[in-house]
Amino acid sequence: MSSRWAFGAAAAVLAALLGHAPAGAARPAPPAPPAAGGGPDRAVTVTSDRSRASVVVGDRFTVRTRLVNRRAATTGRLIAHLTVVSLTADADVDPEDWSPRRTVEVPALAPRAGTEVVWEIQAVNAGRFALHVVVLPGTATDGGAVAASPLVHVDVSGRRTLNAGGTLPVVLGVPLLLGAMAVATQVSLGRGA
Amino acid sequence: MRTDAGPGPDLAGRRGEASWRVVAGQEARDLWFGGRGLVLLFGFSVLMSVLTYLTAASQELNFLEQREAVGLAAQVAVAVGVLVTLVVSADAVSGERERGTLENLLLTSVPRRSIAVGKLVAALTLWVGTFLVSAPYLWVLGRGVSLWVPALLASLLVGTVLAAGLAAVGLLISSVSSSNKVSLTASLLLLLALFTPTQLPTMPHGWFGSALGHLNPVAAGIDYLDAVLVAGQSWTTGLSALLSPVALALVSGGILVGAAPRVIRLPGGVRRA
């Protein structure tokens, strides 16, 4: 990456010295298409109502995100998508488990208008996670830029509720009891006959 | 049903008691004190123990998968409970016919409708036994995710309706079958056909798939269990899904009671070995 940057910079300097721009370097940028984006110069910004959550595994919580169109033009249709990422290497995340509705279609936003999208989330794994929402343009003509919300850090404390040892009284006791009853019944039937 | 001693005081002599209750009591005694019921429950408990231990031994289970495990245990309890109830009811008339005990029963003063209802109730005691055995397993699996009470109630509701409906169907099949083998085979094939759609990865979309899912009482019952136990839906929200199991119970029970005088009978002539 750095060698490509260095090559580009050297080409730009050389082109400036020679009086013309080489292909792919230092060309005046075309006007940005109306697109979703996260920075201050972007069409759409995404904010969330919280930056951190501490829950116990199994708890449900909500994250409210606000999408605002910063431009003077109406946006196209937008797609908001929730992503869950584990911040520790030992936890596998299946985002579908965390929220059954992770993709929401947002109608076009008028200039300076905003809308709220509420995400219902259930913490299904223990560990440290980060959630964020990305907003994509809903049509190809709107360009390819995306806007992303700030991260919401989620600390999920574990609660081991099921262990093999704890189930043994039931797992062994019930069949033993029923087996003993069945044998006793057969024995008493045999004596009766 | 043991009627070796003839009508006797057990059936004909207890006029004060509803005759179907006499039949049900006698059938239930045969089922439970004859050992068949306990052996079936023992096999069921071994199956539930293996399922529960394997679930509990898994360290990788997340919260949702634990709910799914409770849902699976409830589904297995309902499926096996319905299966054993259907097998017992499919044997109830055709089996007695082959064992030569039906004649004695028909010679008593008990109406045929009472015989049908009594046998149906006795078969349903096996479902009740299965449910009671499944209760500690559902408690062990579901207590950590606060799901054992909903699991018990939902499986009791779904299992009772399905068991009643399919036991009535099994009794009808048993009554009209020429042999016990035919009755058992037809009943098991029916159950298999009803359970198969629940194992498909996905049902066809659109009205056809939706209609198939709602019309099949077993698929509708299993879907209801899934919705309540895994998806966390309120138990009243999807009650309409239970329309087809309830309809099956009412229709098949009605047909059984209505047709009992004609279908619970012995064919005429000499039976050749």
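FYI, it's all coordinate maths here, none of it is from the lab. Bear in mind that the values here come from a model prediction, so they are computed numbers and not experimental data. Positions of Cβ are backbone-derived with ideal geometry, glycine not excepted, and every protein chain shown enters the neighbour counts.
Each residue in B:Trp207, B:Trp20 was given a count of other beta-carbon atoms within 10 angstrom of its own, and listing them fewest first yields B:Trp207, B:Trp20. Distance from the C-alpha centroid of the stretch B:37-57 to that of the stretch B:205-245: 26 Å, rounded to the whole angstrom.
Just rank A:His132, A:His153, fewest to most, by other beta-carbon atoms within 10 angstrom.
Working: A:His132 18, A:His153 15.
Ranked by crowding around the Cβ, least crowded first: A:His153, A:His132.
Rounded, prolate or oblate: pick one for the stretch B:127-218, where a ≥ b ≥ c are the square roots of the eigenvalues of its C-alpha gyration tensor, a/c under 1.5 means rounded, and failing that, prolate if a/b is larger than b/c, else oblate. Oblate shape, in that a/c is at least 1.5 and b/c is the bigger or equal ratio.
When chain B is treated as a GNM with alpha-carbon contacts under 10 Å, the residue of B:Leu157, B:Leu124, B:Leu256 showing the greatest mean-square fluctuation is B:Leu157.
Helix B:243-263 axis versus longest C-alpha principal axis of chain B: approximately 10°, rounded to the nearest ten.
How would you rank A:Arg50, A:Arg191, B:Arg36, going from fewest to most other Cβ atoms within 10 Å of each one's own Cβ? Mind dumping the intermediate values first?
Working: A:Arg50 14, A:Arg191 7, B:Arg36 18.
So the ranking, lowest neighbour count to highest, is A:Arg191, A:Arg50, B:Arg36.
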